[in-house]
1. With the Cα gyration tensor of the chain giving a ≥ b ≥ c as the square roots of its eigenvalues, does the rule (a/c under 1.5 for rounded; else a/b larger than b/c for prolate; else oblate) give rounded, prolate or oblate?
2. Taking neighbour counts of Cβ atoms within 10 Å as a proxy for exposure, in what order, fewest first, do H375, H107 appear?
3. Have a look at V38, V65, S84 and report the one farthest towards the positive end of the charge dipole of region 36-93, computed about the Cα centre with Cβ charges (Lys/Arg +1, Asp/Glu -1).
4. Within the chain, which is the longest segment containing none of the chymotrypsin sites (Phe, Trp or Tyr not before Pro) that sit in a DSSP loop and have at most 15 other Cβ atoms within 10 Å?
5. Could you size up the charge dipole of the chain around its Cα centre, putting +1 on the beta carbon of Lys and Arg and -1 on that of Asp and Glu, and report it in debye to the nearest 20?
6. Arrange M351, M105 by Cβ neighbour counts within 10 Å, fewest through most, would you?
7. Could you tell me whether region 260-485 comes out rounded, prolate or oblate from its Cα gyration tensor? Rule is a ≥ b ≥ c as square roots of the eigenvalues, rounded for a/c under 1.5, then prolate if a/b exceeds b/c, otherwise oblate.
8. Taking every DSSP beta bridge that has both residues in region 1-73, what percent is antiparallel when rounded to the nearest 5?
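Just so it is clear, none of the values below were taken in a lab; they were calculated from the coordinates. Here the structure is a predicted model, which means the values were calculated and not measured. Neighbour counts run over all protein chains shown; Cβ positions are idealised from the backbone, glycine included.
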Amino acid sequence: FPLWSEPYFDEGVCNIVMATYSVPFYWREGGRMQIRGVATADVSLSWLKDIVSSVRIYQSGYAFVISQNGVFVTHPDDRLIMKSSIFSVAEAHGDQRLRTLGRAMIHGEQAFVHVPDFSTGKDSWLYYAPLPANGWAVGVIFPVHELFADIEDLNRKVLFIGIAGFVFLLFAIALISGTITRPLRHLDRTASEIAQGNLDAELPLVSVNDEIGRLTRSFANMKVALKEHMNNLAATTAAKERIESELKIARTIQMSFLPKGFPSFQEREEFDVFATLEPAREVGGDLYDFSLLDDSHLFFAIGDVSDKGVPAALFMAVTKTLLKGMAELRLPPSEILERVNLELCRENDSMMFVTVFCGILNFKSGQLTYSNAGHEPPLLLRPGMGPEWMELPPGLVLGVDEDSRYETRELRLQTQELVLTYTDGVTEAVNIEQQLFSSNRLRSVLETIPVSSAERMVQAVADAVKEYSSGAQQADDITVMAVRYKGP
């Protein structure tokens, strides 16, 4: 079969870019075709360059040819010919899409695609097709803005004509309206008083039913409607201010339910605890709590109500009160959740529910018992080791099924180990590109921070989420709580 070689520079002989065309020839011998040799012809490619270079698309569009290996055989930029390939250009620009395009061209594909120009980087269109004779490919590229240049020029002309016509129309209207608007001056003075807020200004009396009469009566109707609207607006504004005031009070009351006055339990050397809550609205549905049950046990819990706003805040208050009350009965975490779930399921017409993780830390021994009701898995942080997800027992959210049962698990904390809990407002926080903060990013943040005080670890997570979601609207409450066991 005939074969074209890769183009090459015939240095020292012709000093031109050439390609060799080879054709085998045969001789029939004994009834069979036997190859006798190969006829070759060295073909100068200068004629090809002249033909391709003569192609001009719009002002700066051009054509080029690449070989089977993607080497530029012709191109307006002589620096690329026989010295670069479409793949080396893609490598230089870090453009994976251009590399894919080069493969498509050398594989004989044909397409019309949107790409940046190889030399200028301008936004361009590229049409490419194979050359069947030798497997090379030819491409024609031209800037997008030149494709639409005629349309843009037409738009400018239409815009100019439109503006000129509009100016002429305004001039004509001004001339005509000068004679029409004279009877309106008296009405204009009254309308100016109304515009300044004097809704009791007297309109001129009219007895005719022409345009001015109808306009005057329309002003009278507008004055009545404005008075009514202003009264309604004043009432609505007062109601809105009252609601905002009530929401502020509700937030103050809600936040008063939560432990405050950090650092807490400063007199205790066996542990430290810290938490933060940032509601998405004036009031929210996240909760956290911790309290001493006796001289050796600390109860702590974190939860997330299924809704937001005032209903979620009320449900959150009820849940927190129930958790605290059940914990004071010295019940194990699983039984605490079962009893709270039973109470929440009663007359839950709103069908709200809450996820909860709770635990009891024996800070004399480091023994941690905990249970879970559909909440996010906490992270266990050990000094000198990476964060680990705690293994949680399965458990349905609270407030759905009064027959749900929960399991208590145990974990012995070593000195300086820390349990970090959070709500899904942390992992589901989004940036301005609507990308989630995610559990993996949370873990990565904690991997870079040595285990230290509960406050520092909580603030590190809160700051990371705040920085990530800067510029995006907060969609959910964000709560983080950490408990560190410092040793007996």
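1. Cα axes put the chain in the oblate bin.
2. Numbers: H375 24, H107 11.
Result, fewest neighbours first: H107, H375.
3. Of the listed residues, the answer is V38.
4. Numbers: sites that count: Y58, F148.
The answer is 149-488.
5. Numbers: 44 positive and 63 negative charges, 250 e Å.
Charge dipole of the chain: 1200 debye, to the nearest 20.
6. On the way: M351 9, M105 23.
Ascending Cβ contact count within 10 Å gives the list M351, M105.
7. Values: a/c = 1.63, a/b = 1.03, b/c = 1.58.
In terms of gyration-tensor shape, oblate.
8. Values: 18 of 18 bridges.
That works out to approximately 100 percent antiparallel.
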